[in-house]
Amino acid sequence: SSPALSTTSSHVPRGAPHVVLFPSAGMGHLVPFTRLAVALSAGHGCDISLVTAMPTVSSAESRHIAALCAAFPAIRQLDLDLRLAPFDASSEFPGADPFYVRYEALRRAAPVLLGPLLAGAGASALVADIALASVAIPVARELHVPCFVFFTASATMFSLKAYFPTYLDAVGAGHGVGDVDVPGVYRIPSSSVPQALHDPDNIFTRQFVANGRALVTADGLLVNAFHAMEPEAVEALRGGSVVPGLPPVFAVGPLMPVSELRETGEAEQEQGNCYREWLDEQPPRSVVYVSFGSRKALPKDQMNELAAGLEACGHRFLWVVKGAVVDRDDAGELSDLLGEGFLRRVQGQGRGLVTKSWVEQEEVLRHPAVALFVSHCGWNSVTEAASGGVPVLAWPRFADQRVNARVVARAGLGVWAEQWSWEGEEAVVRAEEIAELVMEAMGDDAMAEKAANVREAASRAVADGGTSYQSLAAFVRRCTA
Ligand code: UDP
Ligand code: UDP
């Protein structure tokens, strides 16, 4: 990380705004919030508080919050006690995704519990997670505290979110969701629209639409994206073509990883997970890094095809396997998921390393041995690939990931296997197809060069005077005013 972000200082200049950050749930939201917290605190002299609801859904979130508080004592934790606003999720939303259920619990608690927290902290501004926007804005408004909304995914997805309520109103109830032509951006095919949005009664859809409608009532919008990578979406959001009357849009990405929050090697060595050592032993640009993010498991048959594909591609690989949605439930052995034979063959020869543990992905993506990232295209993963200049073979599985995969391909950061299935589609992508595409991507020097150009553009955006640096400074001025 940059020297500015590494300074741990409890000194906050007089008159600096006190910004309260309110993330929702899951590492995909918490990670960009902690990056924003450190950028504002250490980089822009703001006083920062982080609203947390313990216990978190995953243990990765708990460890991350503990690391933040230990490394940055100036950042305060404001505990939102969900026990004071109980709701019976299992009977209302049986079988729903535990992260979405936590969003819902926070949304119901906010009208009662957020006001006292903000007032008690003497907040000068609130930054609410997009998943909490429609419930947080009225609370802040009542206290005359400006409320900003932080969108943790791509600007293109943000444009779809902002436009979606208008789209629904235009097509009318009872019609399926077709292609969505976002004004000023481009047409998002129906097959790329997040699965849940095809069902109007889905818990996620209800939240998505309510939050989308609330955007015009916020005081400003932050997005972890940068202009050069998504010019259409950033300009359309700012210019009023997506939705007229949106507040200022601050494109502040890619927010920089914080070296102090990296998990150290101790826990990994206990689990025999020595990926750092293993990577150090590999030749430059020889390794395929494979990960589908922190919160989704591949179905068993798809996992077997991927294993066979990686074995057949002939390249070295580091594969982070997830066996369950929530890490606390992920007790099974790797050999149960993948079979002893596969593990013996690839790990025995030292050609591959397969792990179920947490790896520090942004560190992996900066390692000289890594040449290609087979990714689900969760937006944080995309921003980390962009900052590292690592080409992406995009295999979106869920939610906003196909929209993000399109961004990856358009920006020249990688290729998207558009015909490959995602959750809810029957087809299993076969080992031969996977091996073939990995081999092609590993040999694609032009793609590697384009990815390096994206890295340069990302680093210009966040450097002093860059578009994202200026946007963050402008946001801080708004909080001070
Ligand atoms: N900016 C932005 N969204 C806006 C307005 C501004 O991201 O709606 C960024 C933009 O990158 C611009 C910088 O903030 O270059 C400074 O803008 P401005 O001078 O309007 O900020 P102010 O000084 O008014 O706070
Ligand atoms: N991550 C990591 N190690 C892991 C799994 C995930 O560091 O073993 C990080 C990853 O670098 C990213 C975040 O967790 O910052 C996951 O967010 P993303 O938006 O990519 O995907 P999600 O997990 O939300 O699907």
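We did not get these values from a lab; they are worked out from the coordinates using the rules stated. Since the model is a prediction, treat every value here as computed from it, not as a measurement. Positions of Cβ are generated from backbone atoms using ideal geometry, with glycine treated the same way; all protein chains shown enter the neighbour counts.
Worth a mention:
- Per-residue packing, averaged as other Cβ atoms within 10 Å, sorts the ranges 110-118, 421-429, 36-44, 152-160 into the order 152-160, 36-44, 110-118, 421-429, beginning with the highest.
- Residues whose amide H comes within less than 5 Å of that of residue 222, counting only those at least five positions distant or on another chain, are 149, 150, 151, 250 (H built at 1.01 Å from N in the peptide plane).
- Across the alpha-carbon atoms of the stretch 174-321, the computed radius of gyration and Dmax are 21.2, 57 angstrom.
- Shape category assigned to the stretch 77-161 from the gyration tensor of Cα positions, a/c cut at 1.5: oblate
- One equal scatterer on each Cα of the stretch 349-481, no solvent, Debye formula: the resulting log10 I(q)/I(0) at q = 0.15, 0.21, 0.22 Å⁻¹ is -0.80, -1.32, -1.39.
- Take every DSSP beta bridge whose two residues both sit in the chain; close to 5 percent of them are antiparallel.
- Computed log₁₀ I(q)/I(0) - Debye formula, equal Cα scatterers, no solvent, the stretch 407-474, q 0.20 Å⁻¹: -0.87
- Nearest-ten-degree value, helix 401-411 long axis tilted from longest Cα axis of the chain: 80
- Each label was represented as a point 7 Å from its Cα along the Cα-to-Cβ direction; for residue 340 and residue 96 these points are 4.4 nm apart.
- Against the empirical curve 2.2 N^0.38 Å, the C-alpha radius of gyration of the stretch 68-112 lands at a ratio of 1.49.
- For the chain, lysine pairs separated by 8 or more sequence positions, or belonging to different chains, with Cα-Cα distances below 28 Å total 6.
- Förster radius 51 Å - calculated FRET efficiency between residue 181 and residue 347, Cβ distance, rounded to 0.05: 0.60
- Segment residue 199-residue 170, length gained on full extension (0.36 nm per residue, minus Cα span): 8.8 nm
- Coordinate range along principal axes, alpha carbons of the stretch 107-152, Å, largest first: 26, 21, 15
- The 3J(HN,Hα) values that the Karplus relation (6.51, -1.76, 1.60; θ = phi - 60°) gives for the stretch 173-186 are, in residue order, 5, x, 9, x, 7, x, 5, 10, 8, 7, x, x, 10, 7 Hz. Gly and Pro appear as x.
- Of the trypsin sites (Lys or Arg not before Pro) found in the stretch 275-383, those in coil by DSSP whose Cβ has at most 14 other Cβ atoms within 10 Å are 285.
- Cα convex hull, the stretch 104-259: 133 Å³ per residue, rounded to a whole number.
- Amide proton proximity set for residue 180, modelled H, under 5 Å, gap of 5+: 188, 190
- Relative contact order (percent, whole number), the chain, Cα cutoff 8 Å, 6+ residue spacing: 16
- Couplings 3J(HN,Hα) of the stretch 316-321, computed from phi: 6, 8, 10, 10, 9, 9 Hz, in residue order, whole Hz [Karplus 6.51 cos²θ - 1.76 cosθ + 1.60, θ = phi - 60°; x for Gly and Pro].
- Once the Kirkwood radius over Cα pairs is known for the stretch 189-269, the Stokes-Einstein relation at 25 °C and 0.890 mPa s delivers a diffusion coefficient of 156 µm²/s.
- Compactness of the stretch 251-378 was expressed as the Cα radius of gyration divided by 2.2 N^0.38 Å, which yields 1.05.
- Net charge contributed by nearby residues that have their C-beta within less than 12 Å of residue 299 (K/R +1, D/E -1): -1
- Degrees separating the helix 431-442 axis from the principal Cα axis of the chain, which is the longest one: 80
- Local electrostatic count, residue 369, Cβ distance below 9 Å [Lys/Arg +1, Asp/Glu -1]: 0
- q = 0.09, 0.12, 0.13 Å⁻¹, the chain: log10 I(q)/I(0) [Debye, one scatterer per Cα]: -0.59, -1.09, -1.30
- Between helix 98-121 and the chain: long-axis angle, C-alpha atoms, 0 to 90°, nearest 10: 40
- Value at 222 nm in deg cm²/dmol, rounded to 500, when DSSP H runs of n ≥ 4 in the chain each add -39,500 (n - 2.57): -13500 deg cm²/dmol
- Cβ-based net charge around residue 195, under 14 Å, with every Lys or Arg adding one and every Asp or Glu removing one: -4
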